[in-house]
Amino acid sequence: MCSEVHVCNIYVKADTMQYESRTRSLRIHGVLTTIRIENLFWDVLGEMAAREGYTVNQLIVKLHDELTEYREEGFNFASFLRVCCVRYLSILAGRLSSEDGKQNVALRAIG
């Protein structure tokens, strides 16, 4: 239960379309795949892609390639995309910086 009515209203009065899931199909190196995430995350991915000069699909392929190179094992890609979106928004809000001075997609986009 929220102690501040105003804070609760920020969350519970969100447009229901934001938290409805949407599935998109795309090809990653010729392999057809589907990704199901909430509309709000698709919107953030769209903003990230636009800042980089990519389409959403191009950005997703780039993120997939970078994650595959880094992890080299199974991963939950939809969850990874959600975390990317939250990290991107946190960087925009000034609450998160890149580790070890490395720039990532979001930092290049706003830098």
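Some observations on this one:
- Environment charge of Ala78, counting only residues whose C-beta is closer than 14 Å and scoring Lys/Arg +1, Asp/Glu -1: +3
- FRET efficiency, 1/(1 + (r/R0)^6) with R0 25 Å, evaluated for Asn9 and Val83 via beta carbons: 0.45
- The alpha carbon radius of gyration of region 24-94, expressed as a multiple of 2.2 N^0.38 Å, is 1.07.
- Pairwise FRET efficiency - Arg27 versus Tyr54, Cβ, R0 = 22 Å, nearest 0.05: 0.90
Readers should treat all values here as calculations from the given coordinates under stated rules, not as data from a laboratory. Please read all numbers here as calculations on a predicted model, not as lab measurements. Glycine also receives a Cβ, built like all others from the backbone with ideal geometry; neighbour counts cover every protein chain displayed.
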